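Reviewing the structure listed below.
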Amino acid sequence: MSRNLLLEIGTEEVPAHVMPGILKQLKEHAEAGLKELRLEYDDVQTMGTPRRSALIVRGLAERQEDVTRENRGPSTKIAFDADGNPSKAAQGFARGQKVSPEDLVQKDGYVYAIVNEKGQDTSELLKKLLPDLICGLSFPNNMRWGDLDFKFIRPIRWIVALYGDDVIPFEVAEVTSSRRSRGHRFLGHDFDIANAASYEKACEEQFVIVDQERRKEIIRKGIVKVAEDNGGHAEISEELLEEVLYLVEYPTALCGHFDEKYLKLPPEAVITPMRDHQRYFPVKDDEGNLMPLFITVRNGGSDYLDVVQHGNERVLRARLEDAQFFFDDDRKTSLESHLEKLKTVVFQDGLGTLYDKSCRLEKLSGEVAEMAGASVADKVYAMRAGKLAKADLVTGMVTEFTELQGVMGRSYAELDGEPKEVSQAIDEHYMPRFADDGEPGSVTGRIVSIADKIDTITGSFSRGLIPTGSQDPFALRRQALGIVRQIIGAKWHLSISRMVAEAMDLYGINDPEERAKIQKDVADFMRLRMKNVLSEQNVRYDVADAVLPDVDDIYAVIQRAEAVAGFVTDGTASIQSFVRTGNLAEKAADKHMDEALFDDPAEKELYSAYRVAAEKSAACRQKYDFAGAIDALSALHEPIDKFFDSVMVMDKNEDVRHNRLALLAAIDCEVKKVADFDKIVIA
């Protein structure tokens, strides 16, 4: 027999962004707890609104499974005396297992107690499991209320705990479980839930759509319909939809209007206050132009929608008036004229002002453009964009609406008559702004973005601000990953060390030891990002390890990984020769070779083959043909094997020994310019 289980945790409104994590935790903890208790069930589901987190377990067995265990005790030597009688050790073990000493079983040199454990009633087990589930939830921020020594994200107001028709009694934070829940804060009232199976229906009767997936679909359809009824198309951001989902319990979409004069503002200046500040959905026409409409979702029914609409319109009007004021004030001067104000804003402690950052960014963008082989025009555009990239940070619009950094810079640059390449790069240089953000779509955007991130990472590392553990206040990991992805996407062969050196020059870092340390720290930092990227591309871990020692040319690392991955399946013999060579090459004290000292035919043949292979490999590497470079080096396989068969490398003659080791070191050096094959795991 089985029954359904319901646990509903009723609270004050929980922040929307936290709700998905709470429901995920609740489901995972419940599944783990039921498994540990050996309770069978059909499925586990979690539902939630701002005021409630609910767990529903369907088909939950009424009893634990019975279980038989063989618990191992002491060895037979200890368990029995000379006469074969149970010793004190055996008697104590048996007593602890609640069995008779005579019932102990001998096996594998030990005694075992066969324990038959009868399953308990689920109702009894739930009395401990359910409060443990509640207390086991973790949150970004906790709070206390009253004089309770109990932390939770918001005060718990009620708890419903039903197993079938029966209440599971327990208490958490002085709240006793029952079958009584609460409806919509304004439309519903307190109500009793007869049993777990009737939960959703009972909630809906009190104006609560508790299933978040169903509620999301109601919201989406409502927004689409209202937009179509008003002759437009709603721009539905999944992120905003997710947030609105956990702001309402009984959603109703409605349309509001604003004055058409605000459409003269840049679209982002209207959409940002609407979407990011008020949680409204913008509406566009068939051509993609913004319409003087917005859609919001009310937490309630369709009564008095005109009143709700009017209130939302008044709030948005005030926001748009602010935007209009700041925009008009900003446009009294050009974007470039705002550069002077950057002298009053510190970039980072010890790294100068944002004006200093702009000057560095202008020069560094030019250097990156040259490294990337950009055209003269693109270099000019990139340097101009680098100079203006931070100017909008001191404008009124960005000061009021910080989400518009870069966006307003682009708009103001366009209005100032700057080339499209410049204005676009000003916006794109912040990309990626977050984990799933895209990359710049223009050449100049990529150049300035890479330069900006190299400058920030170099400056931060010079101040010792290297991310450790989960601490990364300046988002340097995201910026480094942005550099990696952009270089790979553009297929550019840029030198990380050269860019860092240019950045250090611009910072005035001249101490050789400090420069060397920063270079090493940045290389190690980029290596970890590259390891993650290779893992995402399903590159074998040993192949990744083989190509990661040198990460100066990011795109070349990808190419080398592809070449090595294609070689490892067929080149086992060559790899073994490379590894054997590398092991002895480590003993070479002097890398200088004297051809006159090669007297054995095998070493002469190897030396000759090395020179040919090195020349071919270098020519292939020059063209980034790493597969060709590996093929050229693979020709050394047979000469290497002959060399080891015919020659005693560690010859008694010191000059001969050093010369042979130098030859092996030279070969190893050429091989490692492609990969360290010692890292490859051969099946």
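Residues whose amide H lies under 5 Å from that of R157, counting only those 5 or more places away or on a different chain, are G10, T11, E12; hydrogens are built 1.01 Å from N in the peptide plane. Mean sequence separation of contacting Cα pairs (under 8 Å, at least six apart), scaled by the length of the stretch 90-144, corresponds to a relative contact order of 19 percent.
At q = 0.27 Å⁻¹ the log10 of I(q)/I(0) for the stretch 190-236 amounts to -0.93, computed by Debye summation with a single uniform scatterer per C-alpha, solvent ignored. Note that the stretch 115-242 shows a convex hull volume over its alpha carbon atoms of 190 Å³ per residue. Can you give me the Cα centroid spacing of the stretch 648-683 and the stretch 373-391 in angstrom? That distance is 47 Å.
3J(HN,Hα) couplings calculated from phi for the stretch 608-623 with the Karplus curve 6.51 cos²θ - 1.76 cosθ + 1.60 (θ = phi - 60°) are, in sequence order, 5, 5, 4, 4, 5, 5, 5, 5, 5, 4, 4, 5, 5, 4, 4, 9 Hz; Gly and Pro show x. What the phi angles of the stretch 454-459 give under the Karplus curve with 6.51, -1.76 and 1.60, with θ = phi - 60°, is a coupling list of 4, 4, 5, 5, 4, x Hz, glycine and proline written as x. Within the accessible area of the stretch 287-410, the carbon and sulfur atoms contribute 50%, probe 1.4 Å, all protein chains present. Ligands, DNA and RNA are left out, and with a 1.4 angstrom probe the accessible area of the stretch 555-596 is 51 Å² per residue. Estimated from helical segments only, the mean residue ellipticity of the chain at 222 nm is -15500 deg cm²/dmol, where each DSSP H run of four or more residues counts as -39500 (n - 2.57).
Of the cross-linked pairs K128/K151; K520/K616; K453/K587, which ones have a Cα-Cα span greater than 29 Å in the structure shown? With Cα atoms farther than 29 Å apart: K520/K616; K453/K587.
The charge dipole of the chain, taken about its Cα centre with unit charges on the Cβ of Lys, Arg, Asp and Glu (plus for the first two, minus for the last two), comes to roughly 900 debye.
For the chain, calculate the relative contact order in percent as a whole number, restricting contacts to Cα pairs under 8 Å that are 6 or more residues apart. Could you put the intermediate results ahead of the total?
Details: 1103 pairs, mean separation 49.8, N = 683.
Rounded, it is 7 percent for the chain.
For the stretch 463-512, the calculated P(r), taken from all Cα-Cα distances in 5 Å bins from zero up to the bin holding the longest distance, is 5, 15, 18, 23, 20, 15, 3 percent. Using the Cβ of P432 as centre and a radius below 11 Å, the other residues enclosed give a net charge of 0, where K and R count +1 and D and E count -1. Every Cα-Cα pair in the chain was counted, and those over 31 Å apart are 71% of them.
Cα convex hull, the stretch 242-297: 86 Å³ per residue, rounded to a whole number.
Its alpha carbons considered, the stretch 52-141 gives a radius of gyration followed by a Dmax of 20.6, 67 Å.
Dipole of the stretch 27-134 computed with +1 at Lys/Arg Cβ and -1 at Asp/Glu Cβ about the Cα centre; of V99, G33, G109, farthest Cα towards the positive end is G33. Computed on the stretch 560-683, the Cα convex hull volume stands at 96 Å³ per residue. Accessible surface for the stretch 1-129, divided over its residues, is 53 Å² per residue with a 1.4 Å probe. Computed with every protein chain present, the accessible area of K616 is close to 120 Å² [probe 1.4 Å]. Quick check on the stretch 433-482: what does the Kirkwood estimate of hydrodynamic radius come out to from the alpha carbon pairs, in Å? Roughly 11.7 Å, rounded to one decimal. Other residues lying with their Cβ under 13 Å from the Cβ of K587 contribute a combined charge of -1, Lys and Arg counting +1, Asp and Glu -1.
Heavy atoms only, probe 1.4 Å: what % of the accessible area of the stretch 45-90 goes to carbon and sulfur, would you let me know?
Details: 1020 of 2260 Å².
Roughly 45 percent, rounded to a whole number.
Across the stretch 126-195, Cα-Cα pairs more than 19 Å apart make up 42 percent of the total. Just add up the charged neighbours of L415: K/R +1, D/E -1, any other residue whose Cβ is under 11 Å from the Cβ of L415. The answer is -2.
Just the number please: accessible area per residue for the stretch 134-181, 1.4 Å probe, all protein chains included, in Å². The partial results should precede the final answer.
Working: 2450 Å² over 48 residues.
Here the residues of the stretch 134-181 average 51 Å² of exposed surface.
Give me the percent relative contact order of the stretch 338-490, please, defined on Cα pairs under 8 angstrom at least 6 residues apart. Intermediate values should be presented prior to the final figure.
Details: 219 pairs, mean separation 29.6, N = 153.
Value for the stretch 338-490: 19 percent.
Derived from the Cα gyration tensor, the three semi-axes of the equivalent ellipsoid of the stretch 615-683 are 26, 14, 11 Å, largest first. Distance from the C-alpha centroid of the stretch 167-219 to that of the stretch 533-593: 60 Å, rounded to the whole angstrom.
Computed from Cα atoms alone, the Kirkwood hydrodynamic radius reported for the stretch 476-618 is 18.1 Å. Between the listed residues T572, L60, G84, the Cα displaced farthest toward the positive end of the dipole of the chain, a dipole computed from Cβ unit charges relative to the Cα centre, is found at G84. Across the stretch 199-210, coupling constants 3J(HN,Hα) worked out from phi with the 6.51/-1.76/1.60 Karplus curve, θ = phi - 60°, read 4, 4, 5, 5, 5, 5, 5, 10, 6, 10, 8, 7 Hz, and Gly and Pro carry x. Across the accessible surface of the stretch 474-600, with the other protein chains kept in place and a 1.4 Å probe, carbon and sulfur atoms take up 48 percent. Each Cα pair of the stretch 252-406 feeds into the Kirkwood radius, which the Stokes-Einstein equation turns, at 4 °C and 1.567 mPa s, into a diffusion coefficient of 71 µm²/s. Cross-link reach is defined here as a Cα-Cα straight distance under 16 Å, omitting same-chain residues fewer than 8 places apart; for K642 the aspartates and glutamates meeting it are D599, D600, E603, E605.
The values are calculated or read from the model by the stated rules, or taken from the named source; none is laboratory data. It should be emphasised that the depicted structure is a prediction, and the values quoted were computed from it without experimental measurement. Glycine also receives a Cβ, built like all others from the backbone with ideal geometry; neighbour counts cover every protein chain displayed. Surface areas here come from the heavy atoms of the whole protein model, side chains and all, with no ligands, DNA or RNA. Shrake-Rupley method; radii C 1.70, N 1.55, O 1.52, S 1.80 Å.
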